[in-house]
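S.K.: Dropping the structure in here first, questions after.
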Amino acid sequence: MGGRSKDQRNVSAWRPRVPGVVEVFHAHYTEYAYPMHVHDAWTLLIVDDGAVRYDLDRHEHGTPHDTVSLLPPHVPHNGSPATPDGFRKRVLYLDASRLGDELIGPAVDAPDLRDPVLRRRVGQLHAALALPGEELEAESRLTLIGDRLRDHLRPGTGAAGARRDPVLARRLRELLDERVVAGIGLTEAAALVPAHPAHLVRAFSGAYGIAPHQYLMSRRVDRARRLLLAGRAPADVAGATGFYDQAHLTRHFKRLVGVTPGRYRAGGART
């Protein structure tokens with residue numbers, strides 16, 4: 001009684017360069033409770049620690065850590081901690097290009113989805129959105145997430161699974177080869193091929209055993225290796241091979257080669 005409040009509110013928010021994503025919002029609240037409010041975008045929510053209870057369309061819901069919650073636009077809802085230490089959440093706000101108004105009713109009826117695969121994919125999407133230069137990965141993951149959400153809300157109308165389409169896969173590979181340095185977004189690629197974005201990702205992955213964004217980054221790393229062995233500095237190589245910056249190059253180079261670009265360049269100079 002009368003002691004200092006332990007309420008904590010830590011938030012971060014940004015708008016990534018990924019079509020359809022209005023905002024990324026990460027927050028840690030210990031006592032704060034949202035009043036009733038609405039959004040004009042879809043709210044895709046995962047909780048990493050604790051739990052949230054909320055009312056949607058006069059029905060009470062909850063979000064344990066293994067749940068993905070999808071709150072539709074224009075429907076009032078609130079939110080408050082359901083555990084003593086509050087909650088830590090990650091949220092995506094998506095516009096109607098990703099999920100249409102025809103799904104609002106089904107989402108009101110069943111907003112909390114117990115789907116470990118979907119939960120893992122949403123977490124992977126957040127990781128990609130937090131890193132500059134990973135827009136193709138983020139857009140690809142978001143496209144597959146949208147398909148899975150639609151399949152939950154309208155069973156039987158979603159993707160029927162991976163369908164082999166080697167011609168389509170080859171066309172995307174050729175397009176990626178042409179744009180190794182400039183890069184290309186999934187939406188643009190799907191319009192040029194043309195194909196539905198989700199089918200495009202599945203066809204490519206099924207044909208080559210690697211996702212489009214992984215293929216593009218491996219091509220860039222190959223170019224970077226040649227330039228580094230020619231004596232170019234890592235910072236120059238990053239810009240010349242399409243990476244966002246030197247840190248972006250280092251992250252992918254070390255993952256694929258096992259050493260940093262600087263160490264790789266130094267080793268080449270000794271041989």
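S.K.: State which residue is surrounded by the most Cβ atoms within 10 Å (Cβ to Cβ) when the search covers only the stretch 107-142 and only residues that are in contact (Cβ under 8 Å) with a residue 40 or more places away in the chain and among the charged types (D, E, K, R).
M.R.: Glu139
S.K.: Any residue in the stretch 79-101 that is open to solvent by 10 Å² or more (accessible area, probe 1.4 Å), at pLDDT below 95, more than 23 Å from Val11 (Cα to Cα) and assigned to a helix (DSSP H, G or I)?
M.R.: Checking the stretch 79-101: at least one residue is open to solvent by 10 Å² or more (accessible area, probe 1.4 Å), at pLDDT below 95, more than 23 Å from Val11 (Cα to Cα) and assigned to a helix (DSSP H, G or I).
S.K.: For Gly161, work out the one condition from (1) on the phi > 0 side of the Ramachandran plot; (2) at pLDDT 95 or above it doesn't fulfil.
M.R.: Going through (1) on the phi > 0 side of the Ramachandran plot; (2) at pLDDT 95 or above one by one, Gly161 breaks only (2).
S.K.: Scan the stretch 32-55 residue by residue and report those that are more than 27 Å from Pro19 (Cβ to Cβ), part of a strand (DSSP E or B) and touching a residue at least 24 places away in the same chain (Cβ under 8 Å).
M.R.: If we filter the stretch 32-55 for residues that are more than 27 Å from Pro19 (Cβ to Cβ), which is where we start, we get 32-36, 49-55.
When the remaining residues are screened for being part of a strand (DSSP E or B), the result is 34-36, 49-50, 52-55.
If the condition is that a residue be more than 27 Å from Pro19 (Cβ to Cβ), part of a strand (DSSP E or B) and touching a residue at least 24 places away in the same chain (Cβ under 8 Å), then Tyr34, Pro35, Met36, Asp49, Gly50, Val52, Arg53, Tyr54 are the ones that fit.
S.K.: Consider Val24 against the criteria (1) over 16 Å from Leu153 (Cβ atoms); (2) surrounded by fewer than 16 Cβ atoms within 10 Å (Cβ to Cβ); (3) touching a strand residue (DSSP E or B) at 6+ places or on another chain (Cβ under 9 Å): it satisfies all of them except one. Which criterion is unmet?
M.R.: The single condition Val24 does not satisfy is (2).
S.K.: Got a sec? Which helices (runs of 4 or more DSSP H) wholly within the stretch 163-257 have at least 3 residues that are out of contact with any His (no Cβ under 6 Å at 6 or more places or on another chain), open to solvent by 80 Å² or more (accessible area, probe 1.4 Å) and farther than 18 Å from Arg141 by Cα? Can you show your working first?
M.R.: Numbers: elements: 166-178, 186-192, 197-208, 212-229, 234-240, 246-257.
It comes to 166-178, 212-229, 246-257.
The values are calculated or read from the model by the stated rules, or taken from the named source; none is laboratory data. In this text the structure is predicted, and so the values were computed from the model without any measurement. All Cβ positions, glycine included, derive from the backbone under ideal geometry; neighbour counts span all protein chains shown. Side chains included, ligands, DNA and RNA excluded: accessible areas come from the protein's heavy atoms. Shrake-Rupley method; radii C 1.70, N 1.55, O 1.52, S 1.80 Å.
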